[in-house]
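A short worksheet on the structure shown next.
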Amino acid sequence: MYKLAVMGSGNGSNFEAIVKYFNGKDVEITCLSDVEDTFILQRAENLGLEHKHLPPENNLEYFKKNKFDLVALAGYMQILPENVLSEMGKVINIHPSLLPAFKGKDAIKQAFLAGVKISGITIHYVEKDIDAGKIIAQYPIFIANGAHLDEVEAEIHEIEHKLYPIVIEKVLEDKVFDFQDLMRGKCGGKCSDGGGSSSKGCGGKCSDK
Ligand code: GRF
């Protein structure tokens, strides 16, 4: 049984996607939020999962006492100092741009307003500097001329919800995975025609499982 903590400060859509992905698998998920009255904690409550309001000043003490195989940040808006990080063990984050471009807040909007034609998502290890740790996986999207910001946001979030759980599973199992597999189709190789493992990919025809 793996122990996974997901930390967020707001909406929690990635958290919910992670919970759904691991449903029935040997992973115990705890939801932690620095904000008391927030939707991510509400989602955890609705899903019947362990959850806790954890003010940042209590992080050190909490992570000294509570050990996880992995802590996955998903919309966590606090900076984690080095002494806290070293108690947390393995910590990863998801960021809605192709790092190192567009670090910090509102990354999708930053990229959109800059007029870039390719953006995407990045999953990376967390270090003391913001959005700067070693990159584990990335996935690109094209931004068409005339695209609206909300369309770009929706596409990025859809990819986040598919990719983050897969990457979390690989990191938990300490498995080396082929980055190219994640690039085929939008479903991490789970194509409805089984074609995800071929070099042609599945052209976006994902099996929803
Ligand atoms: C995601 O876009 C993630 O990349 C960023 O914060 C957002 C969190 O969304 N770090 P949600 O709370 O998971 O819905």
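Read-outs: derived from the displayed coordinates by stated rules, not from any lab. Keep in mind it's a predicted model, so treat the numbers as computed, not measured. Please note: Cβ atoms are built from the backbone with ideal geometry, for glycine as well, and neighbour counts cover all protein chains shown.
Values computed for the structure shown
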{"item": "Kyte-Doolittle mean at least 0.0, axial Cα span of 24 Å or more - DSSP H helices of the chain", "result": "149-172"}
{"item": "Kirkwood-Stokes translational diffusion coefficient of the chain, alpha-carbon pairs, 20 °C, 1.002 mPa s, µm²/s", "result": "121 µm²/s"}
{"item": "Residue among Asn11, Ala101, Asn23 farthest towards the positive dipole end of the range 1-102, charges placed on Cβ", "result": "Asn23"}
{"item": "Glu127 long-range amide H proximity, modeled H, under 5 Å", "result": "Ala132, Gly133"}
{"item": "The chain, dipole about Cα centre (Lys/Arg Cβ +1, Asp/Glu Cβ -1), debye to the nearest 20", "result": "620 debye"}
{"item": "Fully extended contour minus Cα-Cα distance, from Glu153 to Leu47, at 0.36 nm per residue", "result": "35.6 nm"}
{"item": "Positive-end residue, the chain charge dipole about Cα centroid, Cβ charges, pick of Ile159, Phe177, Tyr125", "result": "Phe177"}
{"item": "Local electrostatic count at Ile108 - Lys and Arg +1, Asp and Glu -1, tallied over other residues with Cβ under 15 Å", "result": "-4"}
{"item": "Local electrostatic count, Val171, Cβ distance below 11 Å [Lys/Arg +1, Asp/Glu -1]", "result": "-1"}
{"item": "Whole-angstrom Cα spans of the range 77-145 along principal axes, big to small", "result": "46, 20, 14"}
{"item": "Tyr2/Asp178 FRET efficiency (R0 25 Å; Cβ-Cβ; nearest 0.05)", "result": "0.70"}
{"item": "The chain - mean residue ellipticity at 222 nm from DSSP helices (-39,500 (n - 2.57) per run, n ≥ 4, rounded to 500)", "result": "-9500 deg cm²/dmol"}
{"item": "Gained length - Lys128 relative to Glu36, 0.36 nm times residue gap less alpha-carbon distance", "result": "30.7 nm"}
{"item": "Built amide H within the under 5 Å cut-off of Met7, gap 5+", "result": "Leu32, Ala72, Leu73, Ala74"}
